[in-house]
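**Student:** Handing you this structure, nothing more for now.
The values are calculated or read from the model by the stated rules, or taken from the named source; none is laboratory data. Small disclaimer: the values here were computed from a predicted structure and weren't measured. All Cβ positions, glycine included, derive from the backbone under ideal geometry; neighbour counts span all protein chains shown. Surface accessibility is based on the protein's heavy atoms, side chains included, excluding ligands, DNA and RNA. Shrake-Rupley method; radii C 1.70, N 1.55, O 1.52, S 1.80 Å.
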Amino acid sequence: MNYLNTEEPYLLFQKAVNNPMFVDKSMLIDAVSKRIGTNSGYLCITRPRRFGKSINAHMLGAYYSKGINSRHLFAQLRITSASGNQKHHNSHNVVFLDMSRFPDFCNCYKQYISSVIEGLREDLLEAYPWLGKKTYYAVSQMFRDSRDSFLFIIDEWDSVFYKDFMTDADRSAYLSFFKNLLKDQPYVELAYLTGVLPIAKYSSGSELNMFDEYNFMNDTVFDSYFGFSEQEVRDLCERSAKAVPFDDLKKWYDGYFMSNGESLFNPRSVVSALSHGVCLNYWTQTGPMNEIASCIEHNTAAVREDVVKMVAGIPIEADLEGYSASELQLHSRDEILSAMVVFGFLTYYDGCLRIPNHELMEKYLRVLARDSMGEVKEIVESSRQMLDATLAGDASTVAQILEHVHDREIPFLQYHDENSLSCVITLCYLYARKDYLIERESKSGKGYCDYLFLPKKYGKPAIVLELKVNDTCEAAISQIKDKNYIEKAKQSASQVLLVGISYDKSSKRHRCIIEKQL
C-alpha cells in the first residue's frame, strides 16, 4: 500500500477535472493553506455522502504532494489567482489515507488497522532507509525520527465505525491510533480529515479535541466548497448537453443552506440528473430510506410528530448542538434529529428543521407507512380510499374519513391550530403523491390556495383544495373561484376538482363539497 507522496490523488482528481460536470472548488486550497504549520492546522470536515468530500481531498493531495508535478492540472483553475499559494504547490510530503479501503476478507478491527500501519511503515522505510536500523513499536516514532514534516490528508476517517465487527473497545483504540499519530506531533504540518460523522469531541476527555470541526450545523468557513451553489447549478445547466430545467433541479435537489442563507444543492444528484437528462432519486436510491427509518426507529415516539409536521411542510423549531462519533446509539429527540441533519436527511437553518427537497420527501413518505409509525401508518393506509373518494366526487366519504382520523385522539392531530389540520390533510392524502405533485399554500391566481394537486401524467384531473375552520365549505369553494386558484391547475389538466373542507370547532364535525370544472 502506498500512502506517502502517492500519485493516486492526482490521478483521481484529473478524472474529476476531465468530467464535463466538473465544478471548480479549488479556492478551498487557499483556505486550507493558511492553516499549514499553525496551531489551527487540524481540520475535520464532515458532510453527508457524495457531497464532494473525496473530490476535494484528492484535489488537496494532488496540489500539495511533492511526489508529482500537477501544475498543468491546476493552471486553469481559480487557485492560480490566489497570492502566496505557489510556495505550497507540490512542495510538501503528503500522507494520503483513504480509510474506506479495507484489506481483502477483512473481518476484524485488528486486521484493518494493521494493514494501515504496515503500509505507513513500508513507505517510511522506502523514503528514509536509515529508519530500518532501529526497531519501532509505534509508527509515530518513525515519523519523528525521519526529521521531516508531513501533511496528513485522511479521507472517510469514520468508515470503519459502520462495520459490524467494531466493538466499543475497537472504536476507542481507533481514536487512540489517530491521537498517537497526530496529536502534539512536531512533524504534523496539517491534518485534514473528512467523513460523515464528526469526531467525538463533545464527550469529555476526547482524544482528538485539537481538531476544529466543520459540519452542516456549524460551518461558516468551508461551507461553499461542499455542495453546489445556485449559480453553479445554473452554469451546469447551460453547459449540459441534456436539457433539464433549472426549476426542476431546484425542486428536486435544493433545500440545504450555507451559513449566509444561500441555497446549497445536492451535488451527486444534480450531476446525475444532468448526465441522464431527467430528475430522479439518485442520492437516495441506495440505502438512505432505511438509514432514515433507522434514525427514527431508535425512538419513534420522540420524533414521530416532528416527522409528520415536516412532511406537511411545517418547519420544526429545535436547538441542536451536534452529533458525534461516540453517539452511534440514538436515544433522545435532539440526538436523533441532530444525526438526521449530519447525515443530510434534514436541513437545519436559523433554528428550524425541514425536509430539504423532493428527492428526500419521497423517502419520508415511505417511512410514514412503516409499522413503527403506529397509528400514523393506519391513517396512511386509508389514504388511497381518500383519493378515490375525492376523484369520484364522494364528499360524504371524504368527510367521514376526516372524522375517523380526528376521533383517534392522536394529540398533535387535534386541530389546536391550522398546522394540525394540515397534518391531517397531508396524512389522509399521502397516497395521492404517487400520481400528484402536491403543493401547500401554492401561488395561483390572485392568492395562495391551501393545497394544489397537479397530476404527474396528463389525463387525471387537477385538485384545488381549500380548508375552512368555523366557516362553511361553500365559503371555501367561493374563495377558490373568486381568487381564480384554478389558474395554475388548468395548465396541467383539462379537468379541475374544487374541494372545500370545513371543520366546526363547537360540533367537531367536518363537511366537504366537491365540484368539477372543465
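**Student:** Kindly indicate which of ILE486, ILE463, ILE410, ILE480 is farther than 19 Å from GLN517 by Cα and of a type outside the set (Phe, Trp, Tyr). It would help to see each step written out before you state the result.
**Tutor:** Working: ILE486 fails: farther than 19 Å from GLN517 by Cα; ILE463 fails: farther than 19 Å from GLN517 by Cα; ILE480 fails: farther than 19 Å from GLN517 by Cα.
Residue meeting the stated conditions: ILE410.
**Student:** Exactly one condition in (1) more than 21 Å from LEU437 (Cα to Cα); (2) in contact (Cβ under 8 Å) with a residue 40 or more places away in the chain; (3) part of a helix (DSSP H, G or I) is false for TRP252; which is it?
**Tutor:** Of the numbered conditions (1) more than 21 Å from LEU437 (Cα to Cα); (2) in contact (Cβ under 8 Å) with a residue 40 or more places away in the chain; (3) part of a helix (DSSP H, G or I), the odd one out for TRP252 is (1).
**Student:** Being of a type in the set (Asp, Glu), over 32 Å from the mean Cα position of the chain (by Cα) and crowded, with 19+ Cβ neighbours inside 10 Å: is that true of ASP184 here?
**Tutor:** No: the conditions fail for ASP184.
Okay, residues lined up against (1) among the acidic types (Asp, Glu); (2) surrounded by 15 or more Cβ atoms within 10 Å (Cβ to Cβ); (3) farther than 24 Å from GLU297 by Cβ:
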site	(1), (2), (3)
ARG384	no, no, yes
ARG433	no, yes, no
GLU439	yes, yes, yes
TYR451	no, yes, yes
PRO461	no, yes, yes
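**Student:** Starting from segment 503-518, take each residue that is in a strand (DSSP E or B) and list its partners that are surrounded by 18 or more Cβ atoms within 10 Å (Cβ to Cβ) and of a type in the set (S, T, N, Q), counting only C-beta distances under 6 angstrom and pairs at least six apart or across chains.
**Tutor:** ARG511/SER502
**Student:** What are the residue pairs meeting all of these: first residue in segment 20-44, first residue more than 26 Å from ASP184 (Cβ to Cβ) and without any contact (Cβ under 8 Å) to a residue 60 or more places away in the chain, second residue of a type in the set (Gly, Ala, Ser) and outside any loop (DSSP other than H, G, I, E, B), Cβ atoms under 8 Å, and 6 or more apart or on different chains?
**Tutor:** PHE22/ALA16
**Student:** Right, here's the next one. Within segment 496-507, is even one residue under 27 Å from ALA369 (Cβ atoms), open to solvent by less than 10 Å² (accessible area, probe 1.4 Å), in contact with an Asp or Glu (Cβ under 6 Å, 6 or more places away or on another chain) and not hydroxyl-bearing (Ser, Thr, Tyr)? Please lay out each step first, then the result.
**Tutor:** In the first step, residues of segment 496-507 are kept if they are under 27 Å from ALA369 (Cβ atoms); the result is 497, 499, 501, 503.
Imposing the further condition that a residue be open to solvent by less than 10 Å² (accessible area, probe 1.4 Å) reduces the set to 497, 499, 501.
Of the ones still in play, those that are also in contact with an Asp or Glu (Cβ under 6 Å, 6 or more places away or on another chain) are none.
There is no residue in segment 496-507 that is under 27 Å from ALA369 (Cβ atoms), open to solvent by less than 10 Å² (accessible area, probe 1.4 Å), in contact with an Asp or Glu (Cβ under 6 Å, 6 or more places away or on another chain) and not hydroxyl-bearing (Ser, Thr, Tyr).
**Student:** Here is a further query. Inside segment 21-50, can you point out the residues that are under 26 Å from ASN209 (Cα atoms), in a loop (DSSP other than H, G, I, E, B) and among the hydroxyl-bearing types (Ser, Thr, Tyr)?
**Tutor:** Once the filter is applied, which keeps residues that are under 26 Å from ASN209 (Cα atoms), in a loop (DSSP other than H, G, I, E, B) and among the hydroxyl-bearing types (Ser, Thr, Tyr), segment 21-50 yields THR38, SER40.
**Student:** Could I ask something else about it? Of MET166, MET217, MET142, which residue is part of a helix (DSSP H, G or I) and surrounded by 15 or more Cβ atoms within 10 Å (Cβ to Cβ)? Steps first, please.
**Tutor:** Numbers: MET166 fails: part of a helix (DSSP H, G or I); MET217 fails: part of a helix (DSSP H, G or I).
The unique qualifying residue is MET142.
**Student:** Also: Here are the criteria: (1) open to solvent by less than 50 Å² (accessible area, probe 1.4 Å); (2) in contact with a Lys or Arg (Cβ under 8 Å, 6 or more places away or on another chain); (3) in a loop (DSSP other than H, G, I, E, B). Tell me which single one ASN484 does not satisfy.
**Tutor:** Every condition holds for ASN484 apart from (1).
**Student:** Whether any residue in segment 385-396 is under 30 Å from TRP283 (Cα atoms) and not charged (D, E, K, R) is what I want to check.
**Tutor:** Kept after step one, since they are under 30 Å from TRP283 (Cα atoms), are these residues of segment 385-396: 387.
Filter once more, keeping what is not charged (D, E, K, R): 387.
Yes, that holds for at least one residue.
**Student:** Separate question: Taking only pairs six or more apart or across chains, which ones have beta-carbon atoms under 6 Å, a first residue in segment 62-82 that is closer than 18 Å to HIS92 by Cβ, and a second residue that is part of a helix (DSSP H, G or I) and among the acidic types (Asp, Glu)?
**Tutor:** Filtered contacts from segment 62-82: ALA82/ASP30.
**Student:** OK, next. So which residues in segment 1-20 are in a loop (DSSP other than H, G, I, E, B) and buried (at least 16 other Cβ atoms within 10 Å of the Cβ), if there are any at all? Working first, answer last.
**Tutor:** Step one: list which residues in segment 1-20 are in a loop (DSSP other than H, G, I, E, B), which gives 1-3, 5-7, 19-20.
Scanning segment 1-20 gives TYR3, ASN5, THR6, GLU7.
**Student:** The conditions are (1) touching a residue at least 40 places away in the same chain (Cβ under 8 Å); (2) not in a loop (DSSP other than H, G, I, E, B), and GLY132 fails exactly one of them. Which is it?
**Tutor:** The single condition GLY132 does not satisfy is (1).
**Student:** Within segment 404-416, work out how many residues are open to solvent by 20 Å² or more (accessible area, probe 1.4 Å) and either in a helix (DSSP H, G or I) or modelled with pLDDT of 80 or more (or both).
**Tutor:** Residues flagged as open to solvent by 20 Å² or more (accessible area, probe 1.4 Å) and either in a helix (DSSP H, G or I) or modelled with pLDDT of 80 or more (or both) within segment 404-416 amount to 4.
**Student:** Still on this structure, please answer the following. Within segment 390-397, identify whether any single residue is open to solvent by less than 10 Å² (accessible area, probe 1.4 Å) and of a type in the set (A, V, I, L, M, F, W, C), and answer yes or no.
**Tutor:** Within segment 390-397, the subset open to solvent by less than 10 Å² (accessible area, probe 1.4 Å) is 390.
Adding the requirement that they be of a type in the set (A, V, I, L, M, F, W, C) leaves none.
The answer is no; no qualifying residue exists.
**Student:** Cβ-Cβ below 6 Å, separation at least six or inter-chain, first residue in segment 328-350 and closer than 24 Å to ASP168 by Cα, second at pLDDT 90 or above and open to solvent by less than 10 Å² (accessible area, probe 1.4 Å): which pairs?
**Tutor:** ARG333/VAL303; ILE336/VAL303; MET340/LEU346; PHE343/PRO48
**Student:** Does LEU236 fit the bill of being part of a helix (DSSP H, G or I) and among the aliphatic types (A, V, I, L, M)? Can you show your working first?
**Tutor:** Numbers: part of a helix (DSSP H, G or I): yes; among the aliphatic types (A, V, I, L, M): yes.
Judged against the criteria, LEU236 is a match.
**Student:** Going through ASN357, ASN281 one at a time, which residue ends up being within 16 Å of the chain's Cα centre (by Cα), closer than 22 Å to ARG440 by Cβ, surrounded by fewer than 20 Cβ atoms within 10 Å (Cβ to Cβ) and modelled with pLDDT of 85 or more? Can you show your working first?
**Tutor:** Values: ASN357 fails: surrounded by fewer than 20 Cβ atoms within 10 Å (Cβ to Cβ).
None of the others qualify; the one that does is ASN281.
**Student:** Before we move on, is SER444 of a type outside the set (D, E, K, R), at pLDDT 90 or above and more than 30 Å from the chain's Cα centre (by Cα)?
**Tutor:** Working: of a type outside the set (D, E, K, R): yes; at pLDDT 90 or above: no; more than 30 Å from the chain's Cα centre (by Cα): yes.
Spelling it out, it is not the case that SER444 is of a type outside the set (D, E, K, R), at pLDDT 90 or above and more than 30 Å from the chain's Cα centre (by Cα).
**Student:** What do you reckon, is LYS87 part of a helix (DSSP H, G or I), open to solvent by 10 Å² or more (accessible area, probe 1.4 Å), among the charged types (D, E, K, R) and closer than 21 Å to LEU28 by Cβ?
**Tutor:** Details: part of a helix (DSSP H, G or I): yes; open to solvent by 10 Å² or more (accessible area, probe 1.4 Å): yes; among the charged types (D, E, K, R): yes; closer than 21 Å to LEU28 by Cβ: yes.
Yes: the conditions hold for LYS87.
**Student:** State yes or no: is ARG234 out of contact with any strand residue (DSSP E or B) (no Cβ under 8 Å at 6 or more places or on another chain), surrounded by 18 or more Cβ atoms within 10 Å (Cβ to Cβ) and at pLDDT 90 or above? Step through it out loud before you land on a result.
**Tutor:** Values: out of contact with any strand residue (DSSP E or B) (no Cβ under 8 Å at 6 or more places or on another chain): yes; surrounded by 18 or more Cβ atoms within 10 Å (Cβ to Cβ): no; at pLDDT 90 or above: yes.
For ARG234, the condition - out of contact with any strand residue (DSSP E or B) (no Cβ under 8 Å at 6 or more places or on another chain), surrounded by 18 or more Cβ atoms within 10 Å (Cβ to Cβ) and at pLDDT 90 or above - is not met.
**Student:** Looking at this structure, is GLU207 acidic (Asp, Glu), over 18 Å from ARG50 (Cα atoms), open to solvent by less than 20 Å² (accessible area, probe 1.4 Å) and touching a residue at least 12 places away in the same chain (Cβ under 8 Å)? So that I can check it myself, show each step before the final result.
**Tutor:** Numbers: acidic (Asp, Glu): yes; over 18 Å from ARG50 (Cα atoms): yes; open to solvent by less than 20 Å² (accessible area, probe 1.4 Å): no; touching a residue at least 12 places away in the same chain (Cβ under 8 Å): yes.
Judged against the criteria, GLU207 is not a match.
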